[in-house]
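Worksheet: the structure to be examined is printed underneath.
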Amino acid sequence: MSENWPAGNVTPIEDYAVLGDTGTAALVSREGSVDWLCLPRFDSHACFAALLGTRENGRWLLGPVDPDVRTTRRYLDDSFVLETTHETSTGVVRVLDLMPLGDGRADVLRRIEGVSGTVRIRHEWIVRFGYGRMRPWVSRHSEEREAGVDQVITAVAGPDMIVLRGARLPRPEDGHHVDEFDVAAGQVYTFATTWFRSHETVPPPLKVMDRIADTIERTRGWAARSDYDGPYEDVVTRSLLVLRLLSHGVTGGIVAAPTTSLPEDFGGERNWDYRFCWLRDAALTLEALLACGYVEETDLWRQWLLRAVAGDPDDIQIMYCVDGARDLPERELSHLPGYADSRPVRIGNGAVGQRQTDVLGEVMIALEHARQRGLTETADSWNLQRALVGNLAEHWQQADNGLWEIRGPVRHFTHSRVMVWAAFDRAIQAVEEHGLDGPVDQWRELRDLVRAEVMDKGWNDERQSFVQHYDTTEVDASLLTLSAVGFLPGDDPRMLATIRAVEQDLMRDGLVLRYRTQTGVDGLEGDEHPFLACSFWLVVAYAKAGMVAEATALMDRLVGLVNDVGLLSEEYDPANGRMVGNFPQAFSHLTLVGAALALAEATGKARHAPH
């Protein structure tokens, strides 16, 4: 195993697995290196940031020295307890990695066990706070325990402190802590890294085997609550688990991904921070969870929503921090070379100030779905929805940046206009079907006006397709969702024609692009790869159009793109067989679930287990 990395990390994105405790998440590579970890929260500073730089930016490596190694991985049961088996010419070792659930702590546990023979292991513990920039003060201490005195290593910088425990601790070496040792059959070494606030007492050690068993049982129990019983059940279950992992267990905020700046264009500038809570992505996540029987999660997110958007409806943002905070200014980290030398590395997100008119439509769809699933509406929740729809009634004609967060001029994006229609439509449903109070006559009038506008300006007779926005003949993959939200039947001739237009303009090696970047509509340099959610949208559009064979063929291909532990990134490069973009990506996993549901419905297969 090489100790010298190139200027920017080039470990394939698909070679990572994710660990998580519903508070934050870590990425660990096949070779056993934790290259990304923000503590204590998804949107906190990273203390291991080699993902976007080099080992000098922090990592925790525990893996074989021998480069000629065969590695296999799996998650134990329906959990995120990762089991990695390394087979070398001299022996076999097995590593368990996890972040324990349910104890309110922030720990990463690593347990290595000799299976056969003897394997030489390298251990590196390199902590760098501040996204890999700050070298902490590291020292060794003694802890008195009932069984005797244990040695621990602590690393502190400002408000953050991390402690490393283990029977064999690495030694200091030129600013790193490193060790090499043999693991023979039957030998077990356990290590734990724990974050805590530097002014607090060092937390006590965990009972490792109890925490492993409890973590597996908790996630197994959660997965068993799913009532989905249709095709692709294994990948659907793993996708639901990913969505749960990205949902903060205390605040209810749902992040789009646990990473920042994994590029959409290798070596380019399309690098964004996804460690925040987009209202749209969260609402779509809830739709996927609700469709599989998870109602409690919707209530937790609804409470988060009420807190996050509280105040003047004019001040609503498209995204928030995990705790609902509003301040997430975008800035660049010049000390990091970026993944595969993709610069700049960004934290925060400048799109926070954009107007994206589609967002409320997604929120209203999800909350209507929750009502249909039996979630009791509260006075505060409905008053908030009514206020937001009332605000939309005053501003619905304004142009926006669209769901793709276009950094070019604002436009009247057809998808955004359709989602305005959806917001009014679901508000009307709330009154008509659930007995809630609201100006339904006004909402009906506005719904009809928006629909007429979309049919007039969003449809292009010459192109014989719906178009990306009112001033173009270009198409956009978001148009594939028109039937899914109920704007048109799936077999409507205009929907079928739009599917054909998307196939003609946006298919690359059989997968779907968001839009043609060559038009310059997004105001950015460079290109991007097929966006996995868009291909799953095409599966849904096919299924709703009755094109079941096409839907099944595309779904089979997409399911074949998950990595060895069932994870998906934002985009995929079919030419080189590589994952692209932030990882794992909620949008990809939630649309996988939606595509499986649509196919189950189209084929008449059991969609849900009996209650």
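The values are calculated or read from the model by the stated rules, or taken from the named source; none is laboratory data. This one's a predicted model, so the numbers in the text were calculated from it and none came from an experiment. Backbone-built Cβ (ideal geometry, glycine too); neighbour counts: all protein chains shown. For accessibility, only protein heavy atoms count, side chains too; no ligands or nucleic acids. Shrake-Rupley method; radii C 1.70, N 1.55, O 1.52, S 1.80 Å.
Of note:
- Between the range 231-292 and the range 515-556, the alpha-carbon center distance in angstrom: 18
- In this simple spin-label approximation, ARG225 and MET134 carry label points 7 Å from Cα along the Cα→Cβ vector, and these lie 3.7 nm apart.
- Residue-normalised accessible area of the range 439-550, given per residue in Å² at a 1.4 Å probe: 40
- Global form of the range 453-544, assessed from the alpha-carbon gyration tensor, a/c cut-off 1.5: oblate
- Cα gyration tensor shape of the range 220-274, rounded if a/c is under 1.5, else prolate or oblate by comparing a/b with b/c: oblate
- Solvent accessible area, Å² - HIS45, 1.4 Å probe, full protein context: 100
- Average accessible surface area per residue within the range 183-341, 1.4 Å rolling probe, Å²: 36
- C-alpha center-to-center spacing [the range 137-168, the range 319-351] in angstrom: 32
- Inter-probe distance in nm under a simple model that places probes 7 Å from Cα toward Cβ, at ASP456 and MET507: 3.5
- The chain: proportion of alpha-carbon pairs further apart than 46 angstrom, %: 16
- Computed from phi, the 3J(HN,Hα) profile of the range 95-104 under the Karplus parametrisation 6.51, -1.76, 1.60 (θ = phi - 60°) reads 10, 9, 10, 6, 10, x, 9, x, 10, x Hz, with x in place of Gly and Pro.
- Rounded if a/c under 1.5, otherwise prolate or oblate - the range 489-611, Cα gyration tensor axes: oblate
- When each of the peptides 451-461, 345-355 is scored by the mean number of other C-beta atoms lying within 10 Å of its residues, the order from highest to lowest reads 345-355, 451-461.
- Solvent-accessible area per residue, Å², over the range 1-115 with all protein chains present [probe radius 1.4 Å]: 29
- Portion, in percent, of the accessible area of the range 297-423 that falls on carbon or sulfur, probe 1.4 Å: 47
- Taking the Cα centre of the chain as origin and assigning +1 to Lys and Arg Cβ atoms and -1 to Asp and Glu Cβ atoms, the resulting dipole is close to 940 debye.
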